[in-house]
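Down below is the structure, laid out as structure tokens.
The values are calculated or read from the model by the stated rules, or taken from the named source; none is laboratory data. Predicted model only: the values in this text are computed from it and were never measured. Here Cβ is always computed from backbone atoms with ideal geometry, including for glycine, and neighbour counts include all displayed protein chains. The area values use the complete protein model at the heavy-atom level, side chains included, leaving out ligands, DNA and RNA. Shrake-Rupley method; radii C 1.70, N 1.55, O 1.52, S 1.80 Å.
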Amino acid sequence: MGVGRSDDNDASTAGRNAAKAALAGPDPRLLIVFCADSYDLPALVQAVAEAAPGVPLVGCSTAGELSVSGNEAGAGDATVVVTALGGSGFSVATRHASAAAEDGGLRQAGFDAAGCMSDVEPLPHNVLMVLTDGLAGDQEEVVRGTYRAVGATVPLVGGCAGDDLKMTATYQFHGTEVMRNAVVAVAIASDAPLGIGVRHGWRRVGDPMLVTNSDGNRLFTLDDQPALDTYLRKLGAPAEAYTDPAAFTRFALTHPLGLSRRSGEEVRFVAEADFHERSLVCIANVAKGGLAWFMEGDEESVLQATDAACSEALIALGDAPPLGLVAFDCIARRGVVGDEGIQREVDRLADFANGAPVAGFYTYGEFARTRGTTGFHNQTLVVLAVA
Amino acid sequence: MEPRRDWLSHQLSEFLAAVSAYPDELAAFEGGVERIAEAVEAEVAAVVVDGWVAASVGFRPGQVPEAQLAGVRMGMSTVSLPALGHASALSVDMEDDERNARVVVLRVDAPFSHEEAVLIRGMARVLALTVRLLRLLHRERTSRSQLQERQDLLERLFRIQRSISHRAPIDVVLDAITEGASSLVDAEVVALRLIDETNPDYLGIVSSVGVEPDVLEAIGHTPVGDGVGGRAVSEAKLVIAHDYQFDPQPMLQFVDRGLHTAMAAPVYRDGKVAGSLLVGSYDPERTYSETEQEMLLAFAEHTSLALNDASALEAINQAFADAVHRANHDELTGLPNRALVLDRLGHAMARVAREDGHVCVLFVDLDRFKSINDSLGHSVGDEVLVRVAERLHMAVRPSDTVGRLSGDEFVVVCEDLAVADAMRIAERVADAVSAPIQLYGRDLVLTASVGLASAHPTAKAEDVLRDADVAMYRAKERGRARIEVFDETIRAQMLARIEMEQALRRAIAGGELRLHYQPVIDTESARLVAIEALVRWEHPEFGLLAPDLFIPLAEEAGLIIPLGRWVIEEACRQLAVWRAECSPLGSVRVSVNLSARQFGDAGLVELVRSTLQAFRLPGSSIGFEVTESVLMDEAEAAAETLRRLKGLGVHLSIDDFGTGYSSLSYLQLFPVDCVKVDRSFVARMGDGGGNDVIVSAVISLARALGLDVVAEGVETEAQWRALSSLGCGSVQGFLFSRPKPPSELAADYSSGMTKPRCSSAMRNPSQSGVAASAARSSIS
């Protein structure tokens, strides 16, 4: 695996340079592109594709890119990071599908794109990676669709594309196509293990509560009490968060909701409060009838999660040394630790990679399913380790 | 972590809401297994029915290990599957009476806890209930549609019989038969062949549907024995060809066109085979069911009937020709009378139907003719009619028929004339009538109201005449001395209005409406819990009319709004009276039915609000009942109206539940409190037709959604006991009390009592040896 990075302002130059650096090794099988949405994306993708004709290319726009290659380790905006995965032990297949309602929506897109799993060689280790439009609705439907297509034996990783927090349009790449509202999927089969680590770094506060009323991503009541009031009271929110939407959102950034899962929690980012309805508006669905906690965190807990996710991914590789890591890191975690904090996070990723390259991006939502059937996360770090 | 106790019930009710939204069994299974897997975070969930995997999640399509899943033994176990490794397994029975159905759940690593096992069992049970309800409703609908088919056939045959007995021309009758066979047997091709009387070895096609002109020409005259229709004649029995081209003697023209199946039945005249009726289809999948074979035989029998009748008629016509002619003319004017007009009209219609032309009818009625008769005497009146008859003759073309139906009603039949041209004739007729008539030295000025109707290709002569009559009535209504052209709008408006509107309007304004009240009682204690107000019309002629006899008409005539308003106000007024009298009837809710039109009325909510205020009643003292169909038509608008009504604090029920779409899931869209199980289900409980299960499922699901259930139409103690054992909260029906006038109901309930004094039937069902709570364990 090779990783190249460029911060050249010109899309073609940046794409070409990053691809060239990534393609140092022989026999490339897959190119993954993470870049700022401010680039001329068709030109950039074209330049990357021309660097390795015939090699499948996937990628997306981001809310920040991170990379470790050689001695260089950094995270920032307005760059392009290209990953090249290669060697004889891999088999790769790619597909994409439109998630537009008239094409069957997110679930159908997940199902269709994940069909690439039937195109790879039957090797002992598999993973399905998806890149989706983070602004396109209920991403749990993508998980359901992919699960229907690949079943329990294939784990899922991936992330939702970003646009540097402009929240207007995100882009997905497949080949030289630049799309919106698409699901791009990569089936990776390998004769060596593939490891997945998932951690969010938030701590539970208080007792679990029952989601007694919700509708999609709106959470009305917890234990039959208005969700907003319970949230503010139990977490001891500052006075201004009771009335000021901006103050509330600042507070909510470090106080997400955790949904009970066998493997821990699935985190739900609390995006805003409806002061009139006394409800919480989350970034993804909160199903009625489930158990939930309020959560809190700080830079230290976020960075501890980085360590834990990396360890979990690497342990799964057994004795094999990692060829590289791919990280899907929530933009909200970046918000908690700040720019200095993310530098420390990338340094830790580099330490775990132990000389192997790392590529990743800041996401609008993360995918990871290893157990059960669900696997859409918020404010979480997902690490894929390749051996 | 230990799950909380309330987690289970919430998960279950969520599951119920989700699966009851599915439209059919398979979708419910597919969605159900996905939800079950998610709820316990299992990798695999499946429904196994009679050893087959009906739905599953966790495997790639085409790679479901059916045998292993079907082989998972009941209860907890561990299994090992390729690629998945060791997994904990739980298999639970869905308790389906009709087949062996199980839910199988597999989870890697962690065994299922006791709570999770309970949850999965509950979900399996809910899934089974939902699916059973879907299945039963599907069957119910299928049998209803079969019934409908039967009904259609009978009606079609009845119409043919009527046109035979009304002496419609034979070709019209035969066309009605082939068209009827085409639509009811669903055949693209229909051909009626009869033996050529001049050459009895041949058959000629006398009526057909879907046979192209060139084919018709080629096979219009073929030897007896050729084709499926020919064989039906030579073999004198029903003949079916499932693969037409391989039939012994197929018609090559039909083979070329790709006719795939055909079936023919013989028809008889004077006891001998006289021809055959054939239906055919181009659909390669087409087969003919026993019902369809019976249908074709029925149509063939009616063809025989028509042929025999026609030959008899020929003889009669010959013998009584003169008498018939005499009977066909009006003595006063010498014009054809109603019978002859109808006959000529019928012939004209049959003629133009073949030639694709038009027939128009003018219905001419003299305005205020009665006043001439009254003021100048009948002899003058008769003279006027003779003069008008002459003028009408002058105003029309020689080929048109002018007739006199009765009194001052004339009719003109114009053949081969489009409506626009007939309009010009109508104008000439109106002008001719309105020119002054000189009689006994004075000028009489008359006008005429004219209705114009054109003959619909499939209409009967009487229908066209009636249409013209209705249009004439419209011309009168719009001020007389006018010409109006008949259209369907006129028909709908006129018929509904003329017959009922005035009477109903009088009834609403004039105090002929009554409210009768029927108690709703608690199933267990038999205490009064609510009262339903039901409107009656005390018609001066016909006596007390039930709402189904006048509400639909009130809807059509736009009278439902004032009628509905009266009902709401009267119910509130009566309730206020009971409350003022401290009657026990004043302590329970009175509910009122809302019709579709009323429900869609923008003023409804304000009416309810102001009426409640006027009678100083709390919202909770009044309930409204709407049917499912009302809600389904415009669900969003309906939900909004219900929310606004709910905002007034009133109680809301779904009426006649089970007769419409019957998905409980949509109930969640609406803020309703109660479901009323339709009387038809209650009436058929215990007949072994699955109604008990439907009622049971509705009750269980409704309760799980937190809704009350009222069973309507309870007439026997057995029904009461059964409903009690199913956990139905409230009941209503003749067993307890028929709907009664307020005074009678008040007499039944003396002060301080909430049980009627006089009903011998009132006994607590649980005292009749029924353990009332035995079946209450299902969901909650």
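Give me a count of the residues in segment A:246-268 that are within 14 Å of chain B (Cβ to nearest Cβ) and outside any loop (DSSP other than H, G, I, E, B).
Qualifying residue count for the region: 7.
Of the numbered criteria (1) open to solvent by 30 Å² or more (accessible area, probe 1.4 Å); (2) under 13 Å from B:Ala42 (Cβ atoms); (3) not acidic (Asp, Glu), the one B:Ser88 fails is (1).
Screening segment B:213-294 for helices (runs of 4 or more DSSP H) wholly inside it with 1 or more residues that are in the same structural domain as B:Ile195 (by TED's automatic domain parsing), touching a residue at least 12 places away in the same chain (Cβ under 8 Å) and out of contact with any helix residue (DSSP H, G or I) (no Cβ under 9 Å at 6 or more places or on another chain) returns the ranges B:227-235. Against the condition open to solvent by less than 30 Å² (accessible area, probe 1.4 Å) and more than 9 Å from every other protein chain (Cβ to nearest Cβ), how does B:Gly58 come out, does it pass? Here the answer is no, as B:Gly58 does not meet what is asked. Among the residues of segment A:55-72, those identified as under 20 Å from A:Asn9 (Cα atoms), hydrophobic (A, V, I, L, M, F, W, C) and assigned to a strand (DSSP E or B) are A:Cys60, A:Leu66. When B:Met632 is tested against (1) open to solvent by 20 Å² or more (accessible area, probe 1.4 Å); (2) modelled with pLDDT of 85 or more; (3) of a type in the set (A, V, I, L, M, F, W, C), just one condition goes unmet, and that condition is (2).
Tell me whether segment B:4-23 contains one or more residues that are among the acidic types (Asp, Glu) and at pLDDT 90 or above.
no
The residue list B:Ile551, B:Ile483 contains one member that is surrounded by 18 or more Cβ atoms within 10 Å (Cβ to Cβ) and under 24 Å from B:Arg573 (Cα atoms), which is B:Ile551. Within segment B:535-548, the residues that satisfy the criterion of being open to solvent by 30 Å² or more (accessible area, probe 1.4 Å) and touching a strand residue (DSSP E or B) at 6+ places or on another chain (Cβ under 9 Å) are B:Arg536, B:Glu538, B:Leu544, B:Ala546, B:Pro547. When B:Met394 is evaluated against the numbered criteria (1) of a type outside the set (Phe, Trp, Tyr); (2) touching a residue at least 12 places away in the same chain (Cβ under 8 Å); (3) closer than 21 Å to B:Ala461 by Cβ, which criterion, by number, is the only one it fails? For B:Met394, the failing item is (3).
Of (1) among the acidic types (Asp, Glu); (2) in contact with a strand residue (DSSP E or B) (Cβ under 7 Å, 6 or more places away or on another chain); (3) at pLDDT below 90, B:Asp687 satisfies all except one. Which? The single condition B:Asp687 does not satisfy is (2). Once segment A:156-188 is narrowed to residues that are under 17 Å from A:Arg107 (Cα atoms) and outside any strand (DSSP E or B), the residue that is nearest to the other protein chains (Cβ to nearest Cβ) is A:Asn181. Report whether or not B:Ala509 is open to solvent by 40 Å² or more (accessible area, probe 1.4 Å) and small (Gly, Ala, Ser). When the stated conditions are applied, B:Ala509 passes them. Entry remark, segment B:370-407: residues being open to solvent by 20 Å² or more (accessible area, probe 1.4 Å) and out of contact with any Lys or Arg (no Cβ under 8 Å at 6 or more places or on another chain) number 22 in total. Residues to consider are A:Arg344, A:Arg371, A:Arg348; find the one that is more than 16 Å from A:Val130 (Cα to Cα), within 14 Å of chain B (Cβ to nearest Cβ) and of a type in the set (D, E, K, R). Exactly one of A:Arg344, A:Arg371, A:Arg348 is more than 16 Å from A:Val130 (Cα to Cα), within 14 Å of chain B (Cβ to nearest Cβ) and of a type in the set (D, E, K, R), namely A:Arg371.
The helices (runs of 4 or more DSSP H) falling completely within segment B:563-664 that include 3 or more residues that are charged (D, E, K, R) and in the same structural domain as B:Leu701 (by TED's automatic domain parsing) map to B:635-647.
Residues in segment A:141-155 that are open to solvent by 20 Å² or more (accessible area, probe 1.4 Å), more than 9 Å from chain B (Cβ to nearest Cβ) and not in a loop (DSSP other than H, G, I, E, B): A:Glu141 only. Residue count for segment B:190-212 under the criterion of being under 21 Å from B:Ala176 (Cβ atoms) and part of a loop (DSSP other than H, G, I, E, B): the result is 2. As for segment A:269-280, it holds at least one residue that is in contact with an Asp or Glu (Cβ under 8 Å, 6 or more places away or on another chain), among the basic types (Lys, Arg) and more than 14 Å from chain B (Cβ to nearest Cβ).
Just give me the residues in segment B:69-105 being part of a loop (DSSP other than H, G, I, E, B), touching a residue at least 24 places away in the same chain (Cβ under 8 Å) and either over 18 Å from B:Ala128 (Cα atoms) or not assigned by TED's automatic domain parsing to the domain that holds B:Asp50 (or both), in sequence order. The answer is B:Val72, B:Leu84.
Results for (1) under 41 Å from the mean Cα position of the chain (by Cα); (2) assigned by TED's automatic domain parsing to the domain that holds B:Tyr473; (3) farther than 20 Å from B:Lys476 by Cβ, shown as yes or no for each residue.
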| site | (1), (2), (3) |
| --- | --- |
| B:Val361 | yes, yes, no |
| B:Leu376 | no, yes, yes |
| B:Gly381 | no, yes, no |
| B:Leu392 | no, yes, no |
| B:Val413 | yes, yes, yes |
| B:Gln438 | no, yes, yes |
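Pairs meeting the criteria (first residue in segment B:106-120 and under 16 Å from B:Val44 (Cα atoms), second residue small (Gly, Ala, Ser) and in a helix (DSSP H, G or I), beta carbons under 7 Å, at least 6 apart or on different chains) are B:Leu119/B:Ala39. Answer yes if at least one residue in segment B:525-533 is surrounded by fewer than 20 Cβ atoms within 10 Å (Cβ to Cβ) and not in a helix (DSSP H, G or I), and no otherwise. The answer is yes; a qualifying residue exists. Taking the criterion of being more than 7 Å from chain A (Cβ to nearest Cβ) and either basic (Lys, Arg) or in a strand (DSSP E or B) (or both), the residues of segment B:32-55 that qualify are B:Arg35, B:Ala45, B:Ala46, B:Val47, B:Val48, B:Val49, B:Trp52, B:Val53, B:Ala54, B:Ala55.
On inspection, B:Leu701 fails the criterion of being surrounded by 18 or more Cβ atoms within 10 Å (Cβ to Cβ) and within 24 Å of B:Ile531 (Cβ to Cβ). Condition check: over 23 Å from A:Ala84 (Cβ atoms), of a type outside the set (Gly, Ala, Ser) and buried (at least 19 other Cβ atoms within 10 Å of the Cβ). Does A:Asp133 satisfy that? Yes. Out of A:Asn181, A:Asn217, one residue alone is modelled with pLDDT under 90 and either open to solvent by 10 Å² or more (accessible area, probe 1.4 Å) or hydroxyl-bearing (Ser, Thr, Tyr) (or both). It is A:Asn217. Examine segment B:125-145 for a residue that is away from chain A (no Cβ under 14 Å) and assigned to a strand (DSSP E or B), and state whether such a residue exists. Scanning segment B:125-145, I find no residue that is away from chain A (no Cβ under 14 Å) and assigned to a strand (DSSP E or B), so the answer is no.
Within segment A:285-300, being at pLDDT below 90, closer than 30 Å to B:Gln11 by Cβ and away from every other protein chain (no Cβ under 14 Å) holds for one residue alone: A:Gly297.
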